[in-house]
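Before any comments, here is the structure.
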Amino acid sequence: MIGRQKHCIALEDFSREEILQVLDLAVSMKEVLRRPIKKVPSLRGKSVVNLFFEASTRTRSSFEIAAKTLSADCLNWTSASSSVTKGETLIDTARNLEAMRPDVLVIRHSAGGAPRLVADHVGCAVVSAGDGAHEHPSQGLLDCFTVRERLGTLEGKTLAIVGDVSHSRVARSDLHAFPKLGARVRLCGPPTMMPSGVEKLGCTVHTDLRAAVEGADAVIMLRIQHERIGDPLIPNTREYSKLWGLNARKAADWLKPGALVLHPGPINRGVELSPEVADGPASVILDQVQNGVAVRMAILYLLAGGDAAEAKA
Amino acid sequence: MSDVTIIEGGRVIDPASGTDGVRAVVLKDGLVADVAERVERPSGARVVDARGRWVTPGFIDLHVHLREPGQEYKETVASGARAAVAGGFTAVVCMPNTKPVNDTLAVTELILARAAAAGLARVYPCGCISRGQAGEDLAEFGELRAGGCVAVSDDGKPVMSPALMRRALEYARAFSLPVAVHEEDLHLVGQGVMHEGAASTRLGLKGIPGQAEEVMVLRDIALAELTGGRLHLQHVSAAGSVRAVREAKRRGLQVTAEVTPHHLTLTDEDVAASGYSTGLKMSPPLRSAEDVRACVEGLADGTIDCIATDHAPHSSVEKDVEFDAALNGVTGLETAFPVCLALVRRGALGERRLVEALSAAPARAFSLPGGTLARGAPADVAILDPAAEWTFDAAATHSRSSNSPWKGRRLTGRCTHTFVGGRLVHQAGGEAR
Ligand SMILES: [Zn+2]
């Protein structure tokens, strides 16, 4: 359990304390990753099933490393197509996997709400590894972890999220998590990429990149998916990059000293981020990858029946 | 000896004849023989005690999906008609999106034969606007009308071509057929699965703005003006549509509109609160609180003529899946009265207007018999207990499907008896045939 949460599906449902419980435990987990022998027996005898309906090598690998570092058994079940086209329903697939008695089912699915549907039909803990444009809770937690680690706190900090918010589950998880830890959130992007009523989630919405990033303590640049161009949400990547991409000159002129640049990956170099910024001193993108493993270790540990106090000891 | 039923002691609410008060209703030879404070009791007459209840014209639903032919695992004409009379409906208009679609006499006749065999609610088929519901060529309105269709619709799909819609409204004039339309601009709908707003944003589901409906409503009102055709707007859900209909009526156009019980009472926030419940997925989607308010006001002031359920049965195969993948639609025949009665209890709708919207108004919109208890009208009657509390139990529903937002919920108000043509076809707690 993470506080009162049996599952990790949506940070919208998480309290500040529940988020902090994961982040604090992830600090200890990160220690483990720095040891010469990166393995602890905390989840020996437990099993984690990765059920991925969307290809995502990086997120799946991150969960897999997290599980293995904790000595849990890990099974990867990848389905290129959704269960709907395959003929077997999602509920049937989940129940079949549950018959293998996993302790945690990690699910990635293209449909918003799919992890919730699974959680309603299985007995084990369910962790969302991203569902449609709904949430990507472990990514939201690792973003919080990364910014907190660098800045010491999120209290009173300002975060800018730039890009296609409408299709971004990462943005939604960040949008729920950061304010609970005391940060203010600014969203920025073309109006076609701002979902309806998003300002009701407690953020400000900007179209001008400079207005959004000036004075911000951290900037999350979202990935622009090429299929959005024909939607048509934007004319082309050239104009997008000119108006909403972050390059070295804009970063130097507009970002305040010490501001962090994050990206959930994979990066479209030259579109939302220029290589100089992605690889520059402000970038914490590779930290995010390592922190992702630590945060996922904390999530798996808590949901597979571990005890937070014991883990720190 | 003729078959006589006397319904005594109930509050007769018959908006069409202006009656509202305790009266006895005499049903004889399939017709309403008398409505009076005092009536004779011929020997052998069946007497029904309706004290404490409402006695109203049998309800008429202009929008149901009976799924036969082709999808009998969801519903049949007989099971749908059974659900109808259980909800106080004595007549239903069934949409043509069956498999095959009702664009030929053969399908119309099959539906009518099944309905006659069931002997429950009156079933009026609705024919297609376009052949095969393909949105390209006109269906044979003349033959469909002659076979018993009372309207034409491509329901489930909008008529995207304005040219086809224009011709449909024109051609239907030859047969006085209302052209009933499911208004959604598919380009604006895109991949949307719920109303576009803060709730869809939180859920990460693709949204459909109310304007996807409104732009089509505005287009078709313009075409109704051009052609002089009878336009009926199905399941109106957006505030902008209500405004457009109000303006069209003010200008005297032949436009009628219906609204469903769910669009009068539930919002997109209920979808969010339900945690992606596919029992709340339908087309058009549940909209904002502001849209719901506009629909209720529109119904109360007569802008929206009538309540129609859009009873759309689906099995668990289509509903126990991801929200994106679930089919649209909810059942509604057995819950319409209590769900709409809640609007009366909170003062948003008058009792007489509620009854009118379920009986006289739909009869008028499609020129159907019934909808009144005037002497000589068909003896189609509902007896309703507005105070009865009950649980809508999925196992006890008369429909073959239970995809209802009110599944397992406590409801207040229930139909206790239903008469069709003077025959008792439903009695709560007992199987009347
Ligand atoms: Zn429809």
Of (1) within 16 Å of the ligand (Cβ to nearest atom); (2) in contact with a His (Cβ under 7 Å, 6 or more places away or on another chain); (3) closer than 27 Å to B:Glu322 by Cβ, B:Glu258 fails just (3)
- Message: Quick check on B:Ala212: is it crowded, with 20+ Cβ neighbours inside 10 Å and within 14 Å of the ligand (Cβ to nearest atom)?
- Response: yes
B:Glu184 meets each of (1) without any contact (Cβ under 8 Å) to a residue 60 or more places away in the chain; (2) out of contact with any Lys or Arg (no Cβ under 8 Å at 6 or more places or on another chain); (3) within 16 Å of the ligand (Cβ to nearest atom) with one exception, condition (1)
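Per-residue answers, yes or no, for (1) of a type outside the set (Val, Ile, Thr); (2) at pLDDT 95 or above; (3) on the phi > 0 side of the Ramachandran plot:
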{"site": "A:Cys8", "(1), (2), (3)": "yes, yes, no"}
{"site": "A:Leu11", "(1), (2), (3)": "yes, yes, no"}
{"site": "A:Phe14", "(1), (2), (3)": "yes, yes, no"}
{"site": "A:Glu17", "(1), (2), (3)": "yes, yes, no"}
{"site": "A:Gln21", "(1), (2), (3)": "yes, yes, no"}
{"site": "A:Ala26", "(1), (2), (3)": "yes, yes, no"}
{"site": "A:Val32", "(1), (2), (3)": "no, no, no"}
{"site": "A:Ile37", "(1), (2), (3)": "no, no, no"}
{"site": "A:Pro41", "(1), (2), (3)": "yes, no, no"}
Does B:Gly58 qualify as being open to solvent by less than 40 Å² (accessible area, probe 1.4 Å), more than 16 Å from the ligand (Cβ to nearest atom) and under 27 Å from B:Gly376 (Cα atoms)? yes
* **Any hit, region A:67-84, residues being outside the structural domain of A:Leu201 (by TED's automatic domain parsing) and within 16 Å of the chain's Cα centre (by Cα)** => no
Checked region B:242-255 for anything out of contact with any Leu (no Cβ under 7 Å at 6 or more places or on another chain) and either within 16 Å of the ligand (Cβ to nearest atom) or closer than 10 Å to B:Glu214 by Cβ (or both); matches are B:Val242, B:Arg243
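Table: residues versus (1) open to solvent by 10 Å² or more (accessible area, probe 1.4 Å); (2) away from the ligand (no atom under 16 Å from the Cβ); (3) under 19 Å from B:Val152 (Cβ atoms).
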| residue | (1), (2), (3) |
| --- | --- |
| B:Glu75 | no, no, no |
| B:Ala81 | no, yes, no |
| B:Ala86 | yes, yes, no |
| B:Arg114 | yes, yes, no |
Here the qualifying pairs (Cβ atoms under 6 Å; residues six or more apart or on different chains; first in region B:222-250 and open to solvent by 30 Å² or more (accessible area, probe 1.4 Å); second within 16 Å of the ligand (Cβ to nearest atom) and not in a helix (DSSP H, G or I)) come out as B:Arg230/B:Pro178
For region B:126-166, the count of residues that are outside any helix (DSSP H, G or I), of a type outside the set (Ser, Thr, Tyr), within 16 Å of the ligand (Cβ to nearest atom) and closer than 22 Å to B:Glu258 by Cα equals 13
Per the filter on region A:197-212, residues outside any helix (DSSP H, G or I), open to solvent by 40 Å² or more (accessible area, probe 1.4 Å) and either within 14 Å of another protein chain (Cβ to nearest Cβ) or β-branched (Val, Ile, Thr) (or both) are A:Gly202, A:Thr204, A:Val205, A:Thr207
Notebook entry, point to check: Given the structure, is A:Ile267 outside any strand (DSSP E or B), open to solvent by less than 10 Å² (accessible area, probe 1.4 Å), at pLDDT below 95 and more than 14 Å from chain B (Cβ to nearest Cβ)?
Noted result: no
Exercise. Looking at region B:189-198, is at least one residue touching a residue at least 60 places away in the same chain (Cβ under 8 Å), more than 16 Å from the ligand (Cβ to nearest atom), within 14 Å of chain A (Cβ to nearest Cβ) and crowded, with 24+ Cβ neighbours inside 10 Å?
Worked result: yes
Picked from region B:261-274 (must be in contact with a Leu (Cβ under 7 Å, 6 or more places away or on another chain) and within 14 Å of chain A (Cβ to nearest Cβ)), the residue farthest from the ligand (Cβ to nearest atom) is B:Ala272
Here, helices (runs of 4 or more DSSP H) confined to region A:107-181 with at least 1 residues that are under 15 Å from the mean Cα position of the chain (by Cα), at pLDDT below 95 and within 13 Å of chain B (Cβ to nearest Cβ) are none
Filtering region B:296-313 down to residues that are within 14 Å of the ligand (Cβ to nearest atom) and either within 14 Å of chain A (Cβ to nearest Cβ) or among the acidic types (Asp, Glu) (or both) yields B:Asp310
Being over 18 Å from the mean Cα position of the chain (by Cα), at pLDDT below 95 and either of a type in the set (A, V, I, L, M, F, W, C) or away from the ligand (no atom under 16 Å from the Cβ) (or both) narrows B:Ser277, B:Ser316, B:Ser288 down to just B:Ser316
Scanning region B:327-341 for residues that are surrounded by fewer than 24 Cβ atoms within 10 Å (Cβ to Cβ) and within 16 Å of the ligand (Cβ to nearest atom), the one nearest to the other protein chains (Cβ to nearest Cβ) turns out to be B:Leu327
Scanning region A:3-57 for residues that are assigned to a helix (DSSP H, G or I) and closer than 19 Å to A:Gly305 by Cβ gives A:Glu18, A:Gln21, A:Val22, A:Asp24, A:Leu25, A:Ala26, A:Ser28, A:Met29, A:Val32
Any residue that is touching a His at 6+ places or on another chain (Cβ under 6 Å) and in the same structural domain as B:Leu341 (by TED's automatic domain parsing) - is there at least one of those in region B:231-248? yes
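The values are calculated or read from the model by the stated rules, or taken from the named source; none is laboratory data. Values in this document were obtained by computation on a predicted structure and should not be read as measured data. We place every Cβ from the backbone using ideal geometry, glycine too, and count neighbours over all the protein chains shown. For the accessible areas, the whole protein counts, side chains as well, though only heavy atoms, and no ligand, DNA or RNA atoms are used. Shrake-Rupley method; radii C 1.70, N 1.55, O 1.52, S 1.80 Å.
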